[in-house]
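Please treat every number below as a calculation from the coordinates, not as lab data. Being a predicted model, the structure only gives us computed values, none of them experimental. So basically every Cβ, Gly included, is an ideal-geometry build from the backbone, and we count neighbours across all protein chains shown.
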Amino acid sequence: MSDFKLYLKNIHFDKYLKKLNKKLKNKKIILYGTGSFFKHIQENYNLDSLNIIGVSDLKFKKTEEGEKYLNYKIIPLDKIIEYAPDYILVATMHYEKIIDNFEINILNKTKIKAIPLARKNLWDLIKEIWVD
């Protein structure tokens, strides 16, 4: 079993995704983080219920606006605010610092919320904080 598959099973991602679909119904979403973790989720789970208007990542700094990645419109990091999403879903396993950075440096004067695409349970988060 792949590490991603095991990780997603352990955090009960399928149940979390159902809750996310209900919570974010009709909300505009930009997905941040397009590495192998996101690719695994995209290949193994149905994200069609989420209104994903585009994806963003540091690796797209030199990408032309409007280009696509995995059939999603690429949105440069510095243009996220212009697209006025309701949420940014952070699609990485280690999302805490990324979300903090978004909230402090990008979203601080907006109503946009950054949340994880795949959320760990509280106990795992506590263990991770104390081990680091």
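Computed quantities for the displayed model
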read-out: Any chance Lys22 is more than 27 Å from Asp78 (Cα to Cα) and either touching a residue at least 40 places away in the same chain (Cβ under 8 Å) or not in a strand (DSSP E or B) (or both); value: yes
read-out: Matching residues in the range 62-106 - criterion: being in a loop (DSSP other than H, G, I, E, B) and over 15 Å from the mean Cα position of the chain (by Cα); value: Lys62, Thr63, Glu64, Glu65, Gly66, Glu67, Asn71, Ala84
read-out: Count of the range 22-48 residues which are more than 21 Å from Ile80 (Cα to Cα) and of a type in the set (Ser, Thr, Tyr); value: 2
read-out: Matching residues in the range 31-60 - criterion: being charged (D, E, K, R) and under 19 Å from Ile99 (Cα atoms); value: Asp57, Lys59
read-out: Residue pairs meeting the criteria (Cβ under 8 Å; at least 6 apart or on separate chains; first in contact (Cβ under 8 Å) with a residue 40 or more places away in the chain and surrounded by fewer than 20 Cβ atoms within 10 Å (Cβ to Cβ), in the range 28-57; second part of a loop (DSSP other than H, G, I, E, B) and not aliphatic (A, V, I, L, M)); value: Lys28/Asn51; Lys28/Pro85; Lys28/Asp86; Gly35/Asp57; Gly35/Thr92
